[in-house]
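Have a look at the structure below before the remarks.
No value in this document is a laboratory result; all are computed from the given coordinates. Quick caveat, the model's predicted, so the values are computed rather than measured. When we count neighbours, we look across all protein chains shown, and the Cβ atoms used for this are built from the backbone with ideal geometry, even at glycine.
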Amino acid sequence: MFDQLKRNILTTKELIGVKDEAAFFEAIHQKAGAPKEIKSLSSGETKFLREKHEEYVKKVSSPEMAASFELCGLLYKLATTLPLKNTVDLGAGFSSYVLRLASLKTSNFNVYSVDDDAKWLEKTRTYLKENNSPGDRLFELKEFEHQTLPEFDLVLLDLNFVEVRKNYIESSIQILAKNGIIIFDDTHKIEYLREVKEKCDKHQVQLFNFRNSTLDHFKRFALIGLK
């Protein structure tokens with residue numbers, strides 16, 4: 001109880017000065033001409049995504065390892081709101097399905113999915129195939145790093161555990177296009193939150209607090225960076 005209270009106090013302190021979601025949409029509207037408001041999910045879309053997510057955490061992954069429904073809902077809304085050409089989820093899984101689903105609904109932007117675990121990547125490929133979703137542009141991390149790649153309009157950094165993931169913050173920022181966005185999941189972990197803030201400040205990436213939209217029952221939440 002005390003540790004959680006202390007963590008909440010430290011997290012609140014670390015987030016002082018980090019702008020909110022409304023500021024994000026204003027900033028990306030001014031910089032890239034994107035809409036000022038995110039699209040809402042219809043009741044049918046919400047039901048479908050929730051059912052698919054519940055099925056995923058029962059049959060494919062575990063709830064604490066998979067991206068949360070809250071994060072995936074936000075990811076889908078962003079991907080169907082913002083003008084995108086190329087996206088990548090670093091940390092393949094349900095997010096790989098969500099981005100491809102959004103791509104099919106909109107202008108068919110390119111989706112790349114990457115993981116540092118070859119067996120997990122194949123499991124994701126199988127899941128995509130079983131759910132009638134394109135299974136192309138799936139890469140092991142080392143292979144991805146040696147590809148000739150486009151700049152990415154949207155990057156989701158959710159690779160491995162944060163102790164490993166922190167080593168890829170800078171390289172993830174570097175593959176962002178001008179005015180591109182990067183989603184940092186699991187910023188409830190104070191040490192990782194500090195790393196994200198430090199690297200974003202170094203590379204002049206604006207950070208925005210999406211805790212309200214992405215907080216789940218594990219107390220996980222995300223920040224979004226705008227390059």
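Mind checking Rg over Rh on segment 2-226, alpha carbons, Kirkwood formula for Rh?
0.93
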Share of alpha-carbon pairs per 5 Å distance bin for segment 110-219, given as whole %: 2, 10, 20, 21, 20, 17, 8, 2, 0
Nitroxide proxy distance, nm - points 7 Å out along Cα→Cβ at Lys59 and Glu140: 2.8 nm
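What does DSSP give for the chain in terms of the percent of beta bridges that are antiparallel, rounded to the nearest 5?
Roughly 30 percent of the beta bridges in the chain run antiparallel, per DSSP.
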